[in-house]
Amino acid sequence: MDENGEQKLKAAAPEKTEVVELSWTTHPVKRRPLLSLGVSLFLLVITWIVYSMTDSEIFAALALIAMFASVAKFYLPTYFTLTDRQVVIRSTTQTIRKDWSMFRSYYADKNGVLLSPFVEPSRLENFRGLYLIFDNNKQEVLTILDKHIGTNSAPDEKD
């Protein structure tokens, strides 16, 4: 308030919008049809075995649900977005958003790249890091990671 008792409204500084640097979708079931058939048959065979051993439709359904949940990333699409502020991974069941400041290093392989919160290799990075799956965009992803995190922490595997 000023000396006359009037309340002054401060103009809020306009918030900078995020700039999407790269966005892509991975859907492994479409990329590997033979493996998809094999995994699907395996799920059905295990479900049939559970049903034949227990004579319970409920246990068979629970087995199918549990096994499908464990391979859901294979069957359902995952959306990756790299912005100027954060990494966003969106799947059917969850959305993960992490600021670039969370990551100290990264390790690329032929399928994707692990973003690690540790400067040096650690056994915990598989649990605390994020794994980005490539979709024929390896070089673009690595260029953005170099910009935000720094140099690649380990020599990446030759394709």
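Among (1) closer than 30 Å to V45 by Cα; (2) surrounded by 18 or more Cβ atoms within 10 Å (Cβ to Cβ), which single condition is I65 missing?
Here I65 clears every test but (2).
Can you tell me which residues in the stretch 94-106 are farther than 18 Å from V141 by Cβ and assigned to a strand (DSSP E or B)? Step through it out loud before you land on a result.
Start the filter on the stretch 94-106 by keeping residues that are farther than 18 Å from V141 by Cβ, which leaves 94-95, 101.
Of everything in the stretch 94-106, just one residue is farther than 18 Å from V141 by Cβ and assigned to a strand (DSSP E or B), namely T95.
Return yes or no: is A108 modelled with pLDDT under 95, among the aliphatic types (A, V, I, L, M) and in contact with a helix residue (DSSP H, G or I) (Cβ under 8 Å, 6 or more places away or on another chain)?
yes
Picking from D135, D146, which residue would you name as being more than 23 Å from K30 (Cα to Cα) and not in a strand (DSSP E or B)?
Residue meeting the stated conditions: D146.
Which pairs have Cβ atoms under 8 Å, sit 6 or more apart or on different chains, and link a residue in the stretch 135-148 that is crowded, with 16+ Cβ neighbours inside 10 Å to one that is modelled with pLDDT of 90 or more and among the polar types (S, T, N, Q)?
The qualifying pairs are D135/T25; D135/T26.
Give the residue that is surrounded by the fewest Cβ atoms within 10 Å (Cβ to Cβ), with candidates limited to residues of the stretch 41-62 that are assigned to a helix (DSSP H, G or I) and polar (S, T, N, Q).
S52
Let's see how each residue does on (1) in the same structural domain as V88 (by TED's automatic domain parsing); (2) closer than 30 Å to A60 by Cβ; (3) at pLDDT below 90; (4) not acidic (D, E):
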position: L9; (1), (2), (3), (4): no, no, yes, yes
position: A12; (1), (2), (3), (4): no, no, yes, yes
position: T17; (1), (2), (3), (4): no, no, yes, yes
position: E21; (1), (2), (3), (4): no, no, no, no
position: L34; (1), (2), (3), (4): no, yes, no, yes
position: F42; (1), (2), (3), (4): no, yes, no, yes
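How about the stretch 83-93: which of its residues are touching a strand residue (DSSP E or B) at 6+ places or on another chain (Cβ under 8 Å) and part of a loop (DSSP other than H, G, I, E, B)?
Hits for the stretch 83-93 are D84, R85, S91.
Find the residue count for the stretch 107-123, including only residues that are surrounded by 11 or more Cβ atoms within 10 Å (Cβ to Cβ) and either assigned to a loop (DSSP other than H, G, I, E, B) or over 14 Å from the mean Cα position of the chain (by Cα) (or both).
Number satisfying all stated conditions: 8.
State which residue is nearest to D84 (Cα to Cα) when the search covers only the stretch 94-118 and only residues that are touching a strand residue (DSSP E or B) at 6+ places or on another chain (Cβ under 6 Å) and β-branched (V, I, T).
The qualifying residue nearest to D84 (Cα to Cα) is I96.
Go through (1) in a helix (DSSP H, G or I); (2) without any contact (Cβ under 8 Å) to a residue 40 or more places away in the chain one by one and return the number of the condition K73 breaks.
Failing condition for K73: (2).
Identify, by number, the condition in (1) under 30 Å from L124 (Cβ atoms); (2) loosely packed, with under 12 Cβ neighbours inside 10 Å; (3) at pLDDT 95 or above that Q94 doesn't meet.
(3)
The values are calculated or read from the model by the stated rules, or taken from the named source; none is laboratory data. For clarity, every value in this text was computed on a predicted model and none was experimentally measured. Cβ: placed from backbone, ideal geometry, glycine included. Neighbour counts: every protein chain shown.
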